[in-house]
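Undergrad: Have a look at this one.
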Amino acid sequence: MSILILAACQRSAPVELPELARAPYRPDSGNLLIQCGSLIDGRSDEVRENVSVLIEDGRFGRVAGGFAAPPEVPVLDLSEYTCLPGLIEMHAHILESFEELVDLTLYYGYSLDDFMEKGREYSQLSIDAGFTTVRNLAAYYGWADRELRDEINRGESIGPRLQAAGFYLTIPGGGGDLLEVGGSEDAIPQHLRMGVSRSTEQFRRNAQTAVDGGADLAYGGIPGEPEMTAEDIKAVVDVAHTAGLRVAAHAHGAQSIREAILAGADTIEHATYIDEKGIRLAIEHDVALSMDVGAGDWMIEEGRKQGWIEEFLRKTIETTQVQRENFKKAHEARATIVYGTDVSIYPHGMNAIQFAYMVEWGMSPMEAIKSATSVAARHMGWEDRVGAIQTGLFGDLVAVRGDPLADISTLEQVEAVVKGGLVFKAPPGKTR
Ligand SMILES: [Zn+2]
């Protein structure tokens, strides 16, 4: 039947190819029909074959069987590909990269333009990799991620839908502060320390500044041993939740994880040393774990090449192993795990390498895909916008050759990327 329709189409007017989007563009304005060989919609476990996905004014319209194309809509032929919803990265630092990790004081001299230039490059790489939505867990340069978000939303540069945290909420010298051990606070420009707080009251004020300034979420750092007190976290949660925003808590240690959950955090970042009690609490409080189990091997390999400090390497090897074992335990206990990779500690655009680790450590391929689509969307409060190929949501779709359910690593080779119905990447010959 579909062959007949195709033949009929070929005899009438030739199919119009979509244009490849270039900046500047009008975001979420695309009208497009996508013919998918297979389709994974991000919510259902079912895989559909030979499906046409219509996008109208940037949003998904009808999803129907067969390849019948309505006239006057450009057609993106992905009939030899598997289509999935645009992927979601829950833990990125999109204006920063591992290249500066060796010497964080490099940032002291960076202007906003320096950060923005990098941010634009990394945003393009995220899109090329199929990550059309990214939660940015703060910027060293206060509000740089908001600037980048707004620039992309105006269609002036190409990048994912960004949730911006604005700046790190942290104690002096904590995770997210650039204060080097033994360094002087006076040496650091104030714009790099907007969220550094010395009391619960100051955490509350800084969280309010983030909310008032247009942050999409709040991000607090609680690494290793607890740094922010339970009261500090509660103050941030209070301000953010009152404004309808979520709170991401950076927590490695078992105790800080428990405290962050009990204080009302919505996602736990890293969760390296989470214990059984922490897993139970996360489930009870519907808190998602964002465990970056993918980056360790790359860091260790790269670190050896670059001669990183042995102590740092030893710690990375140790925490990588522990975190993966705890990932497995958390998943077996049915805790919710979202796709957060901490991209920046390994190269931007390689976000998808984590899928294979999540499957190796216990997830089914479909579970891993959902962790980066519908499940992620729900835990970032954007389930009415992204995370599924479903009527009414933004027309964000990616495609790979082959079957990601048989080989999850195919997601590392995304060949087509559509965001808001605009085509940002396509196989050769499929666009004009
Ligand atoms: Zn991070």
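None of the figures in this text is laboratory data; all of them are computed from the coordinates on show. Quantities reported herein were computed from a predicted structural model and do not represent experimental measurements. With ideal geometry, Cβ positions are generated from the backbone for all residues, glycine too; neighbour counts draw on all protein chains shown.
Undergrad: For the range 251-262, in order, what is each residue's ³J(HN,Hα) by Karplus, 6.51 cos²θ - 1.76 cosθ + 1.60 with θ = phi - 60°, in whole Hz (x at glycine and Pro)?
TA: Result, rounded to whole Hz: 8, 9, x, 4, 6, 5, 4, 4, 4, 5, 5, 5.
Undergrad: Any idea what the relative contact order of the range 296-432 is, in percent, if you count C-alpha pairs under 8 Å spaced at least 6 apart? Write down the numbers at each step before the final one.
TA: On the way: 139 pairs, mean separation 21.7, N = 137.
Relative contact order comes out at 16 percent.
Undergrad: A follow-up question, please. Take the Cα radius of gyration of the chain and divide it by 2.2 N^0.38 Å, with N its residue count; two decimals is plenty.
TA: Dividing the Cα Rg of the chain by 2.2 N^0.38 Å gives 0.99.
Undergrad: Hey, another quick one. Please work out the FRET efficiency for the pair residue 318 and residue 284, using the Cβ-Cβ distance as r and a Förster radius of 35 Å; give the result to the nearest 0.05. Numbers along the way, then the final one.
TA: Details: r = 29 Å, r/R0 = 0.83.
Step by step, r from the Cβ atoms, then E = 0.75.
Undergrad: Using DSSP to define loop residues, name the trypsin sites (Lys or Arg not before Pro) in the range 5-105 whose beta-carbon has at most 11 other beta-carbon atoms within 10 Å.
TA: Numbers: sites: 11, 22, 43, 48, 59, 62; in loops: 22, 43.
Qualifying residues, ordered by number: 22.
Undergrad: May I pose another question? Normalised by the number of residues in the chain, what is the relative contact order in percent for Cα pairs under 8 Å and 6+ residues apart?
TA: Working: 1007 pairs, mean separation 90.9, N = 432.
Rounded, it is 21 percent for the chain.
Undergrad: What's the center-to-center distance, using Cα atoms, between the range 355-432 and the range 25-87 in Å?
TA: Taking the Cα centre of the range 25-87 as reference, the centre of the range 355-432 is 12 Å away.
Undergrad: Ok, one more. When you count, for each residue, the other Cβ atoms within 10 Å and take the mean per peptide, how do 28-35, 362-369 rank with the highest first? List each step's numbers first, then the result.
TA: Values: 28-35: 21.6, 362-369: 19.2.
Those peptides, ordered most packed to least, come out 28-35, 362-369.
Undergrad: Please compare each pair in 328/370; 118/430; 277/329 to a cut-off of 19 Å on the Cα-Cα distance and tell me which ones are over it. Walk me through the intermediate numbers first.
TA: Values: 328/370 17 Å; 118/430 30 Å; 277/329 12 Å.
As for pairs spanning more than 19 Å Cα to Cα, those are 118/430.
Undergrad: Hey, another quick one. Please name which of 184, 158, 101 has its Cα lying farthest along the dipole of the range 87-351 towards the positive end, using unit charges on Cβ (Lys, Arg +1; Asp, Glu -1) and the Cα centre as origin.
TA: Result: 158.
Undergrad: Which percent, nearest 5, of DSSP beta bridges in the chain are antiparallel? Display every interim value, and only then the final one.
TA: Working: 25 of 58 bridges.
So the antiparallel bridges in the chain amount to around 45 percent.
Undergrad: Also, I was wondering about something else. Picking from 219, 133, 283, whose Cα lies most toward the positive end of the charge dipole for the range 87-351 (charges on Cβ: Lys, Arg +1; Asp, Glu -1)?
TA: Of the options given, the answer is 283.
Undergrad: Further question on the same structure: Residue 406 to residue 241: extension gain in nm, 0.36 nm per residue of separation minus the Cα-Cα distance? Walk me through the numbers on the way to the answer.
TA: Values: separation 165, 0.36 × 165 = 59.40 nm, distance 4.04 nm.
Full extension from residue 406 to residue 241 adds 55.4 nm.
Undergrad: Then there's this: Which of the GluC sites (Glu not before Pro) across the range 47-153 are loop residues per DSSP, with 11 or fewer other Cβ within 10 Å?
TA: Values: sites: 49, 56, 72, 80, 89, 96, 99, 100, 117, 121, 147, 151; in loops: 72, 96.
Hits after loop and neighbour filter: 72.
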